[in-house]
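Comments concern the structure below.
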Amino acid sequence: MENIITTSTVDSSDLAASSNLLDLTAFTKALDTLRNESDSLRQSYATAKPYPHVVIDDLFQPELLDRLLADFPKPGSRDWLLWDTHNELKSTSRGIEGLSTFTQMFSLWLNSVDVVKTIESIVGMNNLVGDPSFHGAGLHEMHRDGWLAMHADYTRHFSMPLMRRINVLIYLNRDWDASWGGELALQDATDENSRVSYPCYFNRTIIFPTTAKTFHGVPTHLSCPPNHSRKLLSIYYWSPIPMPLWSKVGTPLLWASDNKNKLKRLMKGA
């Protein structure tokens, strides 16, 4: 996994902040790290296979993510979406609605101009913006037997003239055992042999583009103990598009299994 970059943002003095008062420099340190290492991150992103992406370990001060974990809503006390189909089994928040004040603040910070501009410099794109509604973003959770089939995300926003361009996933899984599964798989749409996988370790951030060809998923059913779950915070970045084009561009969510069936039908008809 030569595309994984480990940063050095942890300082013992920063861990002295109490659980009720977080040092705001913990936010700026993560941003400074991205800026200071933007050249190497940009190179890693651009040259990664099967498509551009970068994996950054230990980007955030641990107390930031521990606070997200402490505030993570428990099943039975939240109004979340349950996705239980032949392609997936997971739960997601409704954007950042109903999440803790800190989780909302952290998500809004990730949508700030300074962070977005820094992401632009890493992925080589201009004109990225955050989504004020956080549609599809927020907290995600999988329990034992959870999974997500290989797919390419939708690119057109459901209510705004925006095109989805970049996914950022921040993993919150302390003491995760790789034997439980849960790794994120990335794969070219036309080549299953191109697949690479990354375990969902705590404080791992993965950045990759959203196109009809950037297939990804969690194809192996989780085998974690009942008292563990796979947790992450997802943030998406978008590009504005002219309103007259909004209804004519973009792609829907594409499942790899559907693509296979389409190819089989085409081959039979050839």
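Label point 7 Å out from LYS213 along Cα-to-Cβ: which residues of the stretch 112-136 have amide N under 20 Å?
Residues passing the 20 Å test: 123-126.
Just to confirm the number: angle between the C-alpha axis of helix 113-123 and the first principal axis of the chain, 0 to 90 degrees, nearest 10?
Result, in degrees: 50.
Tell me the mean residue ellipticity at 222 nm calculated for the chain from its helices only (DSSP H runs of n ≥ 4, each -39500 (n - 2.57), averaged over every residue, nearest 500).
So the helix-based figure for the chain works out to -7500 deg cm²/dmol.
How far is helix 101-110 tilted off the main Cα axis of the chain, in degrees rounded to 10, range 0 to 90?
Long axis of 101-110 versus the principal axis of the chain: about 60 degrees.
Quick one: putting +1 on the C-beta of Lys and Arg, -1 on the C-beta of Asp and Glu, what dipole do you get for the chain around its Cα centre, in Debye to the nearest 20?
1240 debye
Take the chain, mark every one of the GluC sites (Glu not before Pro) that falls in a DSSP loop and has at most 14 other Cβ within 10 Å, then report the longest stretch left between them, sites excluded.
98-270
GNM on the chain, C-alpha springs below 10 Å: top fluctuator among ASN203, ASN111, ASN227?
Of ASN203, ASN111, ASN227, the Gaussian network model singles out ASN227 as fluctuating most.
In nm, to one decimal, how far is the modelled label at ASP145 from the one at ARG42, with both set 7 Å along Cα→Cβ?
Between ASP145 and ARG42, the label points sit 4.8 nm apart.
Can you sort ASP191, ASP58, ASP71 from fewest to most other Cβ atoms within 10 Å of each residue's own Cβ?
Placing the least packed residue first, the sequence is ASP191, ASP71, ASP58.
State the Cα centre-to-centre distance between the stretch 36-86 and the stretch 175-243 in whole Å.
For the stretch 36-86 versus the stretch 175-243, the Cα centre distance is 9 Å.
Pop the C-beta distance of THR85 and THR25 into the FRET formula with R0 = 35 Å and round what comes out to the nearest 0.05.
Here the calculated transfer efficiency is 0.20.
Could you work out how much longer the chain between ALA185 and VAL249 gets when fully extended? Use 0.36 nm per residue separation minus the Cα distance between them, nm to one decimal.
Length gained, ALA185 through VAL249: 20.4 nm.
Relative to the longest principal axis of the C-alpha atoms of the chain, give the angle of the C-alpha long axis of helix 25-36, reported between 0 and 90° and rounded to the nearest 10°.
Result, in degrees: 50.
Laboratory data are not the source of any read-out in this text; all were calculated from the coordinates shown. Here the structure is a predicted model, which means the values were calculated and not measured. Note: ideal-geometry Cβ built from the backbone for every residue, glycine included; neighbour counts use all protein chains shown.
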